[in-house]
Amino acid sequence: MHQDKIIRAFISHLNSVLGTSYKITRWPDKNPTTNGEIDAYAEDGSLRPLAIEHTLVETYRGQKESDHRFLTVMANLEESIDPDGPFSDYHP
């Protein structure tokens with residue numbers, strides 16, 4: 001599901017649970033003049049505004065744990081590589 005749909009669904013669910021009337025008023029990440037801003041900004045005139053940042057929705061159950069294990073193994077591998085070895089000129 002596209003992140004904008006997820007954010008809209010979140011706001012809808014939040015409103016139904018809390019009895020609020022938040023509406024998304026801005027999408028700062030879509031503005032080319034901003035850099036690294038939040039994904040969405042929602043307001044309900046009588047309440048504090050919300051800044052919403054979508055981070056990750058797992059594509060399969062346990063993805064976060066699997067990614068963590070993979071990165072842990074890769075970190076150990078990177079530490080074991082000789083910095084003066086044959087790939088010392090490689091800088092991603």
Revision key, fill the gap. In the stretch 54-92, anything under 19 Å from residue 6 (Cα atoms), at pLDDT 85 or above and either among the aliphatic types (A, V, I, L, M) or open to solvent by less than 100 Å² (accessible area, probe 1.4 Å) (or both) is listed as 63
Revision key, fill the gap. The number of residues in the stretch 2-11 that are in a helix (DSSP H, G or I), open to solvent by 70 Å² or more (accessible area, probe 1.4 Å) and not basic (Lys, Arg) is 1
Practice item. Would you check if residue 16 is of a type in the set (Ser, Thr, Tyr), modelled with pLDDT under 85 and over 14 Å from the mean Cα position of the chain (by Cα)? Key: no
**Study point:** Conditions (1) within 13 Å of the chain's Cα centre (by Cα); (2) part of a helix (DSSP H, G or I); number of the one not met by residue 55
**Key:** (2)
Check your understanding: Which of the residues belonging to the stretch 17-53 are surrounded by fewer than 15 Cβ atoms within 10 Å (Cβ to Cβ) and in contact with a Gly (Cβ under 9 Å, 6 or more places away or on another chain)?
Key -> 21
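The values are calculated or read from the model by the stated rules, or taken from the named source; none is laboratory data. Every value quoted in this text rests on a predicted model; they were computed, and no experiment measured them. Please note: Cβ atoms are built from the backbone with ideal geometry, for glycine as well, and neighbour counts cover all protein chains shown. These area figures cover heavy atoms from the full protein model, side chains too; ligands, DNA and RNA do not enter into them. Shrake-Rupley method; radii C 1.70, N 1.55, O 1.52, S 1.80 Å.
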